[in-house]
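In what follows, a single structure is set out as structure tokens and then discussed.
What follows draws every value from the coordinates through simple rules; no lab data is involved. The structure presented is a predicted model; accordingly, all values stated were derived computationally and were not measured. Please note: Cβ atoms are built from the backbone with ideal geometry, for glycine as well, and neighbour counts cover all protein chains shown.
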């Protein structure tokens with residue numbers, strides 16, 4: 001009798017997401033076999049993912065594949081996979097900034113890089129976007145630190161501060177910071193509505209619209225989306241239109257469930273979090289909501305937040321207008337989202353031709369390995 005197959009695996013939280021981390025050396029060379037293995041490990045397709053390690057939520061149905069890099073400018077290669085929950089889909093179109101926060105600590109603890117105290121710089125090549133990142137990982141006694149005093153909204157407690165810098169982040173999928181060449185475009189939606197939008201590509205491509213133009217306030221929570229499916233439907237229409245305008249898909253049916261991101265933005269103001277806390281408007285530069293594989297994100301995606309923050313520093317964009325331009329003064333953009341506030345370290349300048357150039361894109365977060373061991377999958381799942 002053929003028994004189950006054992007695969008080395010670790011469950012690791014990165015930022016406000018959680019995923020299964022796998023070693024590249026353990027993955028099948030055949031892409032179809034690899035995807036079958038990933039789906040089996042996660043327990044997809046199944047709304048509860050009851051027979052796998054997935055958490056029945058888009059923020060916990062993610063896989064990171066990490067291994068040594070053959071590139072001279074990187075220590076490890078990292079592939080991000082968004083795994084469908086109810087759908088048997090593995091999507092590699094985009095990177096996840098939250099999961100990226102855990103790649104550096106994982107590389108240190110797996111012996112993929114020689115640790116240096118007190119901080120180890122891990123050079124990461126993301127295969128999804130063909131872009132590089134550098135993670136500054138606190139290290140003690142040869143292991144990545146997890147305990148610290150850095151608080152991240154959307155994550156209980158505190159942890160060791162990890163800074164991830166996104167190198168050459170502009171044009172991650174389209175090759176241009178402003179894919180259409182415009183700071184504002186007019187976007188026609190399937191329902192015949194036409195609204196202003198800004199299409200930006202920094203760490204991830206995204207399309208941004210004012211909440212008011214969709215009949216929203218920017219204070220909506222995931223529970224509101226559950227009671228009113230029209231909220232997500234409106235955001236999806238915007239996302240699909242943006243994908244076609246950025247040539248990320250040829251038809252609406254071809255649009256990836258993960259890329260591009262969509263951001264609905266509004267002026268800063270007091271708002272309530274999913275935990276019932278009230279956040280003062282003075283603590284953020286704008287309010288924003290986004291989607292995670294078809295549902296409202298409970299915080300804000302890191303790569304999407306980098307893109308949002310870059311847009312906030314580009315004169316004339318929809319995002320820049322709702323901030324009133326105040327974010328440019330500090331270079332730190334504070335985004336109010338359903339779980340609280342996230343800060344992104346971004347710098348945008350103009351070159352000699354007057355074109356906007358993304359000079360810096362970084363975010364601070366935390367990560368923690370929750371468990372490791374072996375995942376067992378049926379023989380027909382590999």
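Using per-residue counts of other Cβ atoms within 10 Å, averaged over each peptide, order 346-352, 53-59 from highest down.
Working: 346-352: 14.9, 53-59: 20.4.
Highest to lowest by the protection proxy: 53-59, 346-352.
Using Cβ counts within 10 Å as a stand-in for footprinting exposure, how do 344, 271, 125 rank, fewest first?
Details: 344 27, 271 24, 125 20.
Ascending Cβ contact count within 10 Å gives the list 125, 271, 344.
Round to the nearest 0.05 the FRET efficiency obtained for residue 351 and residue 267 when R0 = 25 Å and r is the Cβ-Cβ distance. Let's see the in-between values first.
Numbers: r = 30 Å, r/R0 = 1.20.
Working from the Cβ atoms, E equals 0.25.
If you average the C-alpha positions of the stretch 56-117 and of the stretch 292-326 separately, how far apart do those two centres end up, in angstrom?
So the two Cα centres are separated by 23 Å.
So which residue, out of 283, 190, 220, gets the largest mean-square fluctuation from a GNM of the chain using Cα contacts under 10 Å as springs?
Maximum fluctuation in the GNM of the chain, among the listed residues, is at 190.
For a Förster distance of 25 Å, can you work out the FRET efficiency between the beta-carbons of residue 191 and residue 223, rounded to the nearest 0.05? Kindly include the intermediate steps, with their values, before the conclusion.
Details: r = 25 Å, r/R0 = 0.98.
So the FRET efficiency works out to roughly 0.55.
Can you show me the helix-derived [θ] at 222 nm for the chain, built from DSSP H runs with n ≥ 4 at -39,500 (n - 2.57) apiece and divided by the number of residues, rounded to the nearest 500. Before the final figure, lay out the partial values.
Numbers: 6 runs with 64 residues, N = 382.
When only DSSP H runs of four or more count, the value is -5000 deg cm²/dmol.
Restricting to the chain, compute how many DSSP beta bridges are antiparallel as a %, nearest 5. Working shown, then result.
Values: 77 of 92 bridges.
For the chain, the DSSP antiparallel bridge percentage is about 85.
Between residue 57 and residue 158, what is the label-point separation in nm under the 7 Å Cα-to-beta-carbon projection?
The answer from the label model is 2.4 nm.
Stretch residue 116-residue 147 to full length: gain in nm at 0.36 nm per residue minus the Cα-Cα span? Write out the running numbers ahead of the final one.
On the way: separation 31, 0.36 × 31 = 11.16 nm, distance 1.75 nm.
Value of the extension gain: 9.4 nm.
Listed highest first by mean packing, meaning other Cβ atoms within 10 Å per residue, what order do 224-231, 195-202 come in? Don't skip to the end; give the middle numbers.
Details: 224-231: 13.6, 195-202: 26.0.
Per-residue Cβ counts within 10 Å, averaged per peptide and sorted highest first, yield 195-202, 224-231.
Order of 82, 92, 300, 376 from fewest to most other C-beta atoms within 10 Å? Walk me through the numbers before you get to the answer.
Details: 82 25, 92 18, 300 28, 376 14.
Least to most surrounded, the residues fall as 376, 92, 82, 300.
What is the fewest-to-most order of 44, 342 by other Cβ atoms lying within 10 Å of their Cβ? Before the final figure, lay out each step's value.
Details: 44 23, 342 27.
With the fewest neighbours first, 44, 342 line up as 44, 342.
Applying a 10 Å radius around every beta-carbon, put 127-137, 95-105 in order of their mean neighbour count, most first.
Numbers: 127-137: 20.9, 95-105: 29.6.
Put in order of decreasing packing, that is 95-105, 127-137.
Please determine, in degrees from 0 to 90 and to the nearest 10, the orientation of helix 97-109 with respect to the longest principal axis defined by the Cα atoms of the chain, where the helix direction is its Cα long axis.
So the helix axis and the longest Cα principal axis differ by about 30 degrees.
For residue 71 paired with residue 5, estimate the spin-label separation in nm (one decimal), with each label point 7 Å from Cα along the Cα-to-Cβ line.
Result: 2.8 nm between the two label points.
Between residue 372 and residue 277, what length comes free when the chain is fully extended (0.36 nm per residue of separation minus the Cα-Cα distance, one decimal in nm)? Don't jump to the answer; show the numbers that get you there.
Numbers: separation 95, 0.36 × 95 = 34.20 nm, distance 3.39 nm.
Extra length from residue 372 to residue 277 when fully extended: 30.8 nm.
Determine the relative contact order of the chain: mean sequence separation of Cα pairs under 8 Å and six or more apart, normalised by residue count, in whole percent. Don't skip to the answer; put the middle values down first.
On the way: 973 pairs, mean separation 73.3, N = 382.
It comes to 19 percent, rounded to a whole number.
For the stretch 185-360, calculate the relative contact order in percent as a whole number, restricting contacts to Cα pairs under 8 Å that are 6 or more residues apart.
Numbers: 369 pairs, mean separation 39.1, N = 176.
Rounded, it is 22 percent for the stretch 185-360.
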